[in-house]
Amino acid sequence: MKRITLVILVLSLWSMETNAQMQKGFWMLEGSAGLERSRMTNLADDEKFDPTTGYSFHPKVGYFVANNYALGVSGLFGNSWFRNKDYDQNLPNEFKKSNEFTYGGGLFLRKYMPINEDLSFFAEAGSEIFWVKPRVVYNEPTGVESGLSRRTLSAQAVLGLQYLISPKLGVHMQTNLIHYEKTKFLQEGNSSQSEFKAGFMIQPRFGITLFL
């Protein structure tokens, strides 16, 4: 009888701890990563350019201001690169490669919608500002040049699915449903452009969340 009581007590405490990590007063630490590979096509002659490859990393820190509601700050770090596959090192001024380093941060508000003790949907609204610093490499005598720097303000609505491996550790997959960006080019008269995307599987990411 004592063993049965002890088992019930342990299971009860486990359940309480499992349900507690998304309650008011708790913290969350999160890191997610994304990969990108895209290719431009010239519609006039259907010519396909060499692909651009990149990665990004999104750290987040949030505080549960109410049960299932987390408010926090995010960071953004990433890099993408483009290489000329037909590069000839013997040609002067020949384009070799370019890369773009991205960094910034923002704010987010997330709502969890538990399905059971281990599985939850979450919806998130966030906004970030980030800077992009390009670097272009040519053969001599041109050498290394800085490309057109830009600053981007973004806003997005996110849908995600989280699974708890343990009461304090979860893994998740998320995707943007709505994504808006306004970019200002910091040279050449500070020109700007806007972009709006809506759909599913826009910038999908996988990540890990730690609850404290």
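Which of the residues that make up region 104-134 are at pLDDT 95 or above and among the aromatic types (Phe, Trp, Tyr)? Across region 104-134, the qualifying residues are Phe108, Tyr112, Phe121, Phe122. Checking each residue in region 55-75 for being in contact (Cβ under 8 Å) with a residue 40 or more places away in the chain and either surrounded by 16 or more Cβ atoms within 10 Å (Cβ to Cβ) or part of a strand (DSSP E or B) (or both) picks out Ser56, His58, Lys60, Gly62, Phe64, Val65, Ala66, Tyr69, Ala70, Gly72, Ser74.
The values are calculated or read from the model by the stated rules, or taken from the named source; none is laboratory data. Just so it is clear, the model here is predicted, and its values are computed rather than measured. Ideal geometry is used to build each Cβ from the backbone, glycine not excepted, and the neighbour counts take in all protein chains shown.
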